[in-house]
1. Please report the carbon-and-sulfur percent of the accessible area for the chain; probe 1.4 Å, protein heavy atoms only, DNA, RNA and ligands left out.
2. Is the stretch 117-272 best put as rounded, prolate or oblate by its Cα gyration tensor, with a ≥ b ≥ c the root eigenvalues, rounded for a/c under 1.5, and otherwise prolate when a/b is larger than b/c, oblate when not?
3. Could you give the accessible area per residue of the chain, probe 1.4 Å, as a whole number in Å²?
4. For a protection proxy built on the mean count of beta-carbon atoms within 10 angstrom, sort 63-69, 125-131 highest first, please.
5. State which entries of 132/163; 99/248; 71/248; 164/248; 40/164 exceed 31 angstrom in Cα-Cα distance in the structure shown.
6. State the volume of the convex hull built on the alpha-carbon positions of the stretch 128-201, expressed per residue in Å³ and rounded to an integer.
7. On average over all directions, what projected area in square nanometres does the chain have, based on the convex hull of its Cα atoms?
8. Using only the heavy atoms of the protein chains and a 1.4 Å probe, how would 135, 238 rank by accessible area, largest first?
Amino acid sequence: MRYCRFVFEEQVLYGVVETRGGEFWIVDLAPAPEEDLAYKLAHARATSWSFDFEPLPLRQARLLAPVTPSKIVCVGRNYREHAAELGNEVPAEPLLFFKPVSSLLPPGGVVHMPAQSERVDFEGELALVIGKRATRIQPDAFWRDYVRGYTLANDVTARDLQKKDGQWTRAKGFDTFCPVGPIVTDEVDPEAGLTLETRVNGELRQRGSTSDFIFPLGQLLAYITAAITLEPGDLVLTGTPAGVGPVKDDDRVDVSIEGLGVLTNFFARHPG
């Protein structure tokens, strides 16, 4: 199962994604996930809904973030090398924080670097999309039962504000600071070791494997849900490998994992 969320003829739609000729195509329309209540309400009110939809290359679509979560839960310092590069100890337990839903940004969108910060960093990550309500998952449970699929994310961070504030809400939470996409799929296996790469203007800056997580996914979900109930559509960012660094005006950042495509976003200094 692979799907995306996009705009077609001024309507928000979901699309079935397949590989054709080595690239992703939207080949058909897909039903909306249960949590997208705005979608369901809009189409319940529509007097008509009919499209002559022909297969479309994903790169030509007007993509939206493929998720509509109630919350975004993030894991910090889940790679030893990343903890070391910022001068931090490896955590004894998963380090959790939130990004607000208002920080979501679609593929191709512009990240607005705020005037309050002099250093904004990229952080490419694998993200989980929750598929069913999860609370108090036991460590020995089959955690995949709770996961709908996987997508890419960029945990954009105002690094100077993160250090200044002593907690991470503002530094991680600015509008546009959570690019996500381009697709959601359950056809990859993080436990087999997925290679994540991040490039800035085409130059490789990050390369890490999910097999190097300090806390594997089953342990993360058990830890998170011992305190926080996850709902369908919720997003869990799993941590970034070493190589993070600052961006500047007009930079292009590409986050990629084979099978998940490429999440591309651009950066611009916000004047306000």
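1. Details: 6070 of 12390 Å².
For the chain, the apolar C and S fraction of the accessible surface comes to 49 percent.
2. In terms of gyration-tensor shape, prolate.
3. 46
4. Going by the mean number of other Cβ atoms within 10 Å, highest first, we get 125-131, 63-69.
5. Distance filter (> 31 Å) returns 132/163; 40/164.
6. 164
7. In nm², the orientation-averaged hull projection of the chain is 14.7.
8. Listed by decreasing accessible area, they come as 135, 238.
The values are calculated or read from the model by the stated rules, or taken from the named source; none is laboratory data. Computed from a prediction, not measured in an experiment: that's the story for all the values here. Using ideal geometry, Cβ is built from the backbone for each residue, glycine included, and neighbour counts are taken over all protein chains shown. SASA here: full protein model, heavy atoms, side chains in, ligands and nucleic acids out. Shrake-Rupley method; radii C 1.70, N 1.55, O 1.52, S 1.80 Å.
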